[in-house]
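Below is one structure; the comments refer to it alone.
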Ligand code: GLU
């Protein structure tokens, strides 16, 4: 069921629109003198496994043979999956979850290749083997499970609304009847408004950042997607944008997208989440600690 009653999975402190984007960057970084490749984060809560092996995992066999990990990510979602063109750094909660997984199978930052893949193209990229796994605000659902598998969940949020700063008329999707609401192609929120809110005019783009641009330019009336994503955009442009204070109206459980049937790899990631000690919390604190989002690590659902 897609449209659920309000779920208080995310506590939002609207005023805490702190600079999610500024975690790693204090302006353009000077190039390293010796040309050595610096790890993206100054301190990482995980350690890189040594001598790791995994029986019966085609994904791990590919990674080992290639000598590097290829990870599908988002790069326009501040706080979650973001690439800073100036500093050339990737940051965000999802990116660090992806790095933690790579480290758990023996690969550090210098042996990771990232591929930015939009919401609509995720299943196909995994099925094609373009990526070893995908970490990017990817909700676990049965339709997607027809094509791929998910490890996790590792995070829970819910669908919310982003509007122009000072806009008080729109708190719920019901109040947007007759209005234009933007979301990403192939996402659960665009599907929700198309299926359950026939009065809303849906506008879709590949990327949420395009929706946000259209909101700022008065081309759409609201942007809808997971509240955790919207908080990152509001933090980037607090004078222009705000997340509505109403409760979220779906539950989105984020999973790691995996090649279907690689049970060994899925079990490995699930065990990593379950036995990870403080690592999850440290990753959350480093990336979303100032965001006002209040969540704890969800229990793994090892189906
Ligand atoms: N979590 C939702 C989804 O997987 C929305 C965010 C996204 O498009 O990545 O569709």
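The values are calculated or read from the model by the stated rules, or taken from the named source; none is laboratory data. Treat the numbers as computed from the prediction; the structure is a model and nothing was measured. Glycine also receives a Cβ, built like all others from the backbone with ideal geometry; neighbour counts cover every protein chain displayed.
Summary table
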| item | result |
| --- | --- |
| Residue within the range 90-103 that is over 16 Å from the mean Cα position of the chain (by Cα) and within 26 Å of residue 49 (Cβ to Cβ) present | yes |
| Test result for residue 226, touching a strand residue (DSSP E or B) at 6+ places or on another chain (Cβ under 8 Å) and away from the ligand (no atom under 16 Å from the Cβ) | no |
| Top-ranked residue in the range 188-208 [being over 16 Å from residue 250 (Cα atoms) and within 12 Å of the ligand (Cβ to nearest atom); ranked as surrounded by the fewest Cβ atoms within 10 Å (Cβ to Cβ)] | 206 |
| Filter pass, residue 300 being part of a loop (DSSP other than H, G, I, E, B) and modelled with pLDDT of 95 or more | yes |
| Those helices (runs of 4 or more DSSP H) lying entirely in the range 57-142 with at least 2 residues farther than 14 Å from residue 269 by Cβ and within 13 Å of the ligand (Cβ to nearest atom) | 122-128 |
| Condition check for residue 155: closer than 23 Å to residue 98 by Cβ and within 16 Å of the ligand (Cβ to nearest atom) | yes |
| Candidate set: the range 178-187, residues that are part of a loop (DSSP other than H, G, I, E, B) and surrounded by 13 or more Cβ atoms within 10 Å (Cβ to Cβ); chosen: the one farthest from the ligand (Cβ to nearest atom) | 179 |
